[in-house]
Amino acid sequence: MKILVLNCGSSSVKYKLFDMDRDRVLARGMADRIGMPGSVFFHHVPDRGDLSLDIPLPDHYEAVKAIIGALTGGDLAVIAGTGEIQAVGHRVVHGGEYFQSPVAVDGGVLEILKECGKLAPLHNPPNIMGIRVCQKLIFHALQVAVFDTAFHQTMPDHAYMYAIPYEYYEKYRVRKYGFHGTSHKYVASRAAELLGRRIEDLKMITCHLGNGSSLCAVDGGKSKDTTMGLTPLAGLMMGTRCGDIDPAIVGFLAEKEGSGPGRVLEVLNKKSGALGISGISSDFRDLEEAALKGHARANLAIEMFSYRAAMGICSLVPALGGLDAIVFTAGIGENSPGVRSRICSYLACMGVFLDGEKNAAKGVEADVSAPGSPVRALVIPTDEEKMIARETKTIAEKVPRVY
Ligand code: ADP
């Protein structure tokens with residue numbers, strides 16, 4: 001079975017085509033700067049080569065057409081026609097309280113996705129657009145929506161409710177939803193395989209540390225709590241996002257700066273976090289380099305990030321009632337031994353001990369804990385597309401083919 005996975009953002013479409021029977025990626029790539037001057041298209045076929053094109057991509061329709069063109073024609077074609085694609089798995093950021101698991105898309109589902117878009121106005125509309133385009137261009141294939149929020153729908157109410165008047169939950173569904181669910185689910189299941197244990201028996205905290213960062217308490221393979229909230233602004237300090245702060249700061253700054261709350265929220269989303277503290281970059285590679293050269297605020301940003309991540313890990317232990325392993329993933333979690341080491345330096349009291357040499361691992365699966373560490377520490381590169389492909393396959397096997 002061949003499955004195309006699409007991740008449609010407002011100005012980009014990333015894709016991977018999987019051959020599920022052989023567990024292989026046939027091709028991957030990205031259409032970028034859609035609707036802007038200087039659009040680019042990149043297509044990569046493992047062991048065969050790359051294609052890079054500067055072509056106009058005025059909208060998502062043209063972007064998906066370019067993807068189909070590269071997959072089916074030219075020197076780097078990998079399939080004879082779209083008829084070989086049995087299903088398309090779409091990353092959809094927000095499924096609200098409606099979806100606990102992936103779903104085959106029909107007209108009713110699209111209406112609900114639009115409704116969920118009120119909670120993710122930047123993300124859901126391009127996700128929906130991608131589905132609509134594929135319904136036209138790859139019309140025979142089953143379209144499946146896989147949600148970032150779905151994995152966290154197993155949180156109990158005492159974890160997802162905010163301590164504000166209950167009527168806001170009833171009227172507007174204001175509650176914690178959590179994000180990065182596909183990544184947390186993937187690394188949790190991979191961690192169980194690496195540890196050689198049944199996931200049902202494991203209590204883990206998965207740490208997705210990238211530009212956006214979140215933690216998840218995974219008990220027996222199910223999310224029990226997570227650090228992001230109604231929106232992805234909550235929880236950990238991030239590249240440009242503030243994470244948890246005193247909510248009164250919003251009103252205070254709006255008054256002091258003479259701006260509305262919207263402007264303050266923009267600063268909290270785009271100019272805060274590691275960028276706001278360091279004043280130089282949101283990228284941890286830049287920060288680590290600057291810190292080594294003695295840049296005090298770069299060092300402060302890394303230390304704050306690490307301390308807050310450690311605090312977040314500790315705050316999730318009550319959700320689990322114990323802890324077998326912590327799992328590091330995403331850009332920083334996979335590639336920064338320094339940040340992992342700083343985080344774990346705060347966690348010795350919890351029984352987390354790293355092995356200095358093993359912790360040098362970058363971008364590969366590794367058990368980086370010291371021998372005898374009561375809590376194992378693992379590094380597992382995330383693969384959200386693979387997880388989306390797997391989930392899509394499960395749905396496709398249940399739904400009869402439509403042609
Ligand atoms: P997202 O998918 O949320 O955009 P990623 O998971 O790709 O983010 O993470 C991107 C971040 O990972 C970069 O901004 C950078 O801070 C960090 N990163 C990537 N490689 C390294 C590295 N070798 N050392 C430290 N940080 C790294």
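The values are calculated or read from the model by the stated rules, or taken from the named source; none is laboratory data. Please read all numbers here as calculations on a predicted model, not as lab measurements. All Cβ positions, even for glycine, are placed from backbone atoms using ideal geometry, and neighbour counts span all protein chains on display. Quick note on the areas: whole protein, heavy atoms, side chains included, nothing else; ligands and nucleic acids left out. Shrake-Rupley method; radii C 1.70, N 1.55, O 1.52, S 1.80 Å.
So which chymotrypsin sites (Phe, Trp or Tyr not before Pro) in segment 50-137 are both in a DSSP loop and have at most 10 other Cβ atoms within 10 Å of their Cβ? Don't skip to the end; give the middle numbers.
Working: sites: Tyr61, Tyr98, Phe99; in loops: Tyr98, Phe99.
Counting only loop positions with at most 10 other Cβ atoms within 10 Å, none of the chymotrypsin sites (Phe, Trp or Tyr not before Pro) in segment 50-137 qualifies.
Given axes a ≥ b ≥ c from the Cα gyration tensor, I'd like to know whether segment 218-319 is rounded (a/c under 1.5), prolate (a/b larger than b/c) or oblate. Mind dumping the intermediate values first?
Numbers: a/c = 2.36, a/b = 1.10, b/c = 2.14.
Taking the square roots of the gyration eigenvalues as a ≥ b ≥ c, segment 218-319 is oblate.
Over the chain, what percent of the accessible surface lies on carbon and sulfur atoms, probe 1.4 Å? Numbers along the way, then the final one.
Details: 9750 of 18110 Å².
Here it works out to 54 percent.
Would you mind checking the tilt of helix 107-116 against the longest principal axis of the Cα atoms of the chain, expressed as 0 to 90 degrees and rounded to 10?
Helix 107-116 sits roughly 30 degrees off the main axis of the chain.
Relative contact order for segment 2-147: what is it in percent, counting Cα pairs under 8 Å that are at least 6 residues apart? Don't skip to the end; give the middle numbers.
Numbers: 297 pairs, mean separation 35.0, N = 146.
The normalised contact order for segment 2-147 reaches 24 percent.
Report Rg (one decimal) and Dmax (nearest whole number) for segment 262-403, counting Cα atoms only, units Å.
18.7, 63
Could you calculate, for the chain, the ratio of the Cα radius of gyration to the Kirkwood radius, expressed as Rg to Rh?
On the way: Rg = 21.5 Å, Rh = 22.2 Å.
Answer for the chain: 0.97.
Quickly estimate the mean residue ellipticity at 222 nm for the chain, helices only: each DSSP H run with n ≥ 4 gives -39500 (n - 2.57), and the total goes over all residues, rounded to 500.
Values: 14 runs with 153 residues, N = 403.
For the chain, the value works out to -11500 deg cm²/dmol.
For Met36 and Leu137, what does the FRET efficiency come to when R0 = 22 Å and r is the distance between their Cβ atoms, rounded to the nearest 0.05?
Working: r = 21 Å, r/R0 = 0.98.
It comes to 0.55.
What longest region of the chain stays clear of GluC sites (Glu not before Pro) that DSSP places outside H, G, I, E and B and that have at most 16 other Cβ atoms within 10 Å?
Values: sites that count: Glu97, Glu357, Glu365.
That gives 98-356 as the longest site-free run.
If the elastic network links every pair of Cα atoms under 10 Å, which of Leu195, Leu71, Leu275 fluctuates the most in the Gaussian network model of the chain?
Judging by the Gaussian network model, the answer is Leu195.
So which lysines can Lys118 reach, going by Cα to Cα under 21 Å and dropping same-chain residues fewer than 8 places off?
Lys118 reaches Lys171, Lys176, Lys270.
Given a 1.4 Å probe, how much area per residue of segment 1-108 is accessible, in Å²? All intermediate terms of the calculation are to be shown ahead of the outcome.
Numbers: 4770 Å² over 108 residues.
With all protein chains present, segment 1-108 gives 44 Å² per residue.
Within 11 Å, Cβ to Cβ, of Val105, how many net charges do the neighbouring residues add up to if Lys/Arg are +1 and Asp/Glu are -1?
Working: positive: Arg132; negative: Asp106, Glu111.
With Lys, Arg at +1 and Asp, Glu at -1, the neighbours total -1.
Which whole-number percent is the relative contact order of the chain (Cα, under 8 Å, 6+ apart)? Present the calculation step by step, with values, prior to reporting the outcome.
Details: 857 pairs, mean separation 54.6, N = 403.
Contact order relative to length: 14 percent.
Just list whichever of Lys362/Lys398; Lys136/Lys398; Lys65/Lys114; Lys65/Lys271; Lys14/Lys185; Lys114/Lys386 have alpha carbons separated by over 28 Å in the model shown. Intermediate results must be reported in sequence, preceding the final value.
Numbers: Lys362/Lys398 38 Å; Lys136/Lys398 23 Å; Lys65/Lys114 24 Å; Lys65/Lys271 35 Å; Lys14/Lys185 20 Å; Lys114/Lys386 26 Å.
From Lys362/Lys398; Lys136/Lys398; Lys65/Lys114; Lys65/Lys271; Lys14/Lys185; Lys114/Lys386, over 28 Å: Lys362/Lys398; Lys65/Lys271.
Using only Cα atoms, tell me the angle between helix 60-72 and the longest principal axis of the chain; keep it within 0 to 90° and round to the nearest 10.
So the helix axis and the longest Cα principal axis differ by about 70 degrees.
Over segment 129-278, what is the relative contact order in percent, taking alpha-carbon pairs closer than 8 angstrom and at least six residues apart? Present the calculation step by step, with values, prior to reporting the outcome.
Values: 223 pairs, mean separation 26.6, N = 150.
Taking the mean separation of contacting Cα pairs over the length of segment 129-278, I get 18 percent.
On a 0 to 90° scale, report how tilted helix 181-195 is relative to the longest principal axis of the chain, with both axes built from alpha carbons and the result rounded to the nearest 10.
70
Send over the Kirkwood Rh of segment 2-147, from the inverse of the averaged 1/r over different Cα pairs, rounded to one decimal Å. Display every interim value, and only then the final one.
Details: mean 1/r = 0.0648 Å⁻¹.
For segment 2-147, inverting the mean 1/r across all distinct Cα pairs yields 15.4 Å.
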